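What follows is a set of notes on a single structure, which appears directly below.
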């Protein structure tokens, strides 16, 4: 623990997360697991395993009916996650286009944007 000159312990900065709502343009119905695997493998391919772990990248929700989902990532890596979404062109042999719709600081707002957009 790091202490200040006054002897009090220094506070660590709170980890801020961002929730990115994304949409998948495709005619096929995709499962959450295949979308998660595709995004994580593309993130790892481009930015490496270390960045994948440090970013806490995770698909927390995917609605196969709406073709929309939510990704959670640390705020420092938001741009990385958005770049990865733009680079995924195929999942399980199905061509697609994936793009971010909105970014939020809370899951509740992200869910609202997911339903509304």
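Brief remarks follow.
- Qualifying position, being within 19 Å of residue 112 (Cβ to Cβ) and in contact with a strand residue (DSSP E or B) (Cβ under 6 Å, 6 or more places away or on another chain), among 36, 18: 18
- For segment 100-117, the criterion of being at pLDDT below 95 and part of a loop (DSSP other than H, G, I, E, B) is met by at least one residue.
- Close pairs from segment 10-34: first free of Cβ contacts under 8 Å to residues at least 12 places away in the same chain, partner loosely packed, with under 10 Cβ neighbours inside 10 Å and part of a loop (DSSP other than H, G, I, E, B), Cβ under 8 Å, at least 6 apart: 10/1; 10/2; 10/4
- Checking each residue in segment 63-117 for being in contact with a strand residue (DSSP E or B) (Cβ under 9 Å, 6 or more places away or on another chain), more than 19 Å from residue 18 (Cβ to Cβ) and touching a residue at least 60 places away in the same chain (Cβ under 8 Å) picks out 91, 96, 97.
The values are calculated or read from the model by the stated rules, or taken from the named source; none is laboratory data. All values reported here derive from a predicted model rather than from experimental measurement. Neighbour counts are summed over all protein chains in view; Cβ atoms, including those assigned to glycine, are modelled from backbone coordinates with ideal geometry.
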